[in-house]
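Read-outs throughout are calculated quantities, based only on the coordinates presented, and are distinct from any laboratory measurement. Quick caveat: nothing in here was measured; it's all calculated off a predicted structure. With ideal geometry, Cβ positions are generated from the backbone for all residues, glycine too; neighbour counts draw on all protein chains shown.
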Amino acid sequence: MKIKTPKIPNSIVQHRTCIDAWEMMAKVHAMYGSPLSNKGLLIYGNSGQGKTYLAEQYIKAAQAEMLEPVPQLPVLYHRFRESNKTISQIQKLLIGAMGATPPRGRLEPGELHAQLCHLIDVLGVQLIVLDEIQQVLPKSDGHTTQATLKYFCCLLDELPASIVFIGSERAQRLLKFGMDKKTIDDNEQLSRRMLRSVKLESVNGLSPSWLNCVNWFLSCINYPSMSYQRKHEAILMSRIYVAYAERGFSTLDSLFLREPFTGSTFDELREWLKRNFDTYCNRKINPFDPKAMTDKQAYELTYRLTQKIGR
């Protein structure tokens, strides 16, 4: 079955790693029904880099692109909100995410797995997205992690659906488990069933990508695009970057998308950002307050922060 995968929409910030992640999600989605087992993908990064938002936007766009007949549930999404250490708990959560009730009482071996696979087949699931995957990879229990990874291998081997794993830096255990200390024999490495992973990274605050990023958020509030050529705008973009360094795109969402902007001038924009920062952000020094941070300090701090990124 040929899958029509969605193009990256305007709702996604046009940053290199966001584009890479989208394209890799589309690639692994298009592998639905492939006899190959290496149709898994890991997208990881620090908190606030937009991993969950990216997944939500992909699911929304993918559903809009569905060809007839449209499956009942083309993309199965589940976010692990707390630690779940056993395979049966994972199976029950995924069954529940498809709107079904797991069997209760004493179960026959393989009964949950059979129900899970049956639902995926009946509902036409093409892509499974498992968010916060690090929650089911306990660092202190290697044997449980090994069993969980072997089960993910089983799903990739048996199901026609592809799987996207999303998580923090700790989610790299999906690929690295069993490679380092060799305290556990891991002959079924999940890494052999995965495409190249994508790390969502911070934007360089002095790059064209940062300009595009800021202008994308400005477009959301119907404010004209900025330019590095205009000094006052370049300084404001440095102040925005200092704020961004706190929690990544989560901070930008709080600054630009939580409250309506009713002004029209540059000064009104800066004051609006200052108020939003005081309301939604935790940094003690408000970078939009010229009394708390001078223009020179904002630029120098942006420069130091970008040296850590190097792109």
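Miscellaneous remarks
- For LEU255: the one exception among (1) in contact (Cβ under 8 Å) with a residue 24 or more places away in the chain; (2) hydrophobic (A, V, I, L, M, F, W, C); (3) out of contact with any Leu (no Cβ under 6 Å at 6 or more places or on another chain); (4) not in a loop (DSSP other than H, G, I, E, B): (3)
- Filter pass, ASN212 being touching a residue at least 24 places away in the same chain (Cβ under 8 Å), surrounded by fewer than 14 Cβ atoms within 10 Å (Cβ to Cβ) and over 24 Å from ALA292 (Cα atoms): no
- Of the residues making up the range 221-252, those that are over 21 Å from GLN307 (Cα atoms), out of contact with any Phe, Trp or Tyr (no Cβ under 6 Å at 6 or more places or on another chain) and either among the small types (Gly, Ala, Ser) or in contact (Cβ under 8 Å) with a residue 24 or more places away in the chain (or both) are ASN222, TYR223, SER225, SER227, HIS232, GLU233, SER250.
- From the list LEU36, LEU54, LEU93, the one residue that fits, being of a type in the set (A, V, I, L, M) and touching a Cys at 6+ places or on another chain (Cβ under 8 Å), is LEU54.
- Number of residues in the range 114-150 that are under 25 Å from ILE43 (Cα atoms), surrounded by 14 or more Cβ atoms within 10 Å (Cβ to Cβ) and not aliphatic (A, V, I, L, M) equals 14.
- Residue tally, condition within 28 Å of ASP20 (Cα to Cα) and out of contact with any helix residue (DSSP H, G or I) (no Cβ under 8 Å at 6 or more places or on another chain), over the range 73-107: 2
Table: residues versus (1) surrounded by 15 or more Cβ atoms within 10 Å (Cβ to Cβ); (2) over 21 Å from LYS199 (Cβ atoms); (3) in contact (Cβ under 8 Å) with a residue 24 or more places away in the chain.
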site: GLY40; (1), (2), (3): yes, no, yes
site: ASN46; (1), (2), (3): no, no, yes
site: ALA55; (1), (2), (3): yes, no, yes
site: ALA62; (1), (2), (3): yes, yes, yes
site: VAL75; (1), (2), (3): yes, yes, yes
site: ARG81; (1), (2), (3): no, yes, yes
site: ILE90; (1), (2), (3): yes, yes, yes
site: GLU111; (1), (2), (3): no, yes, no
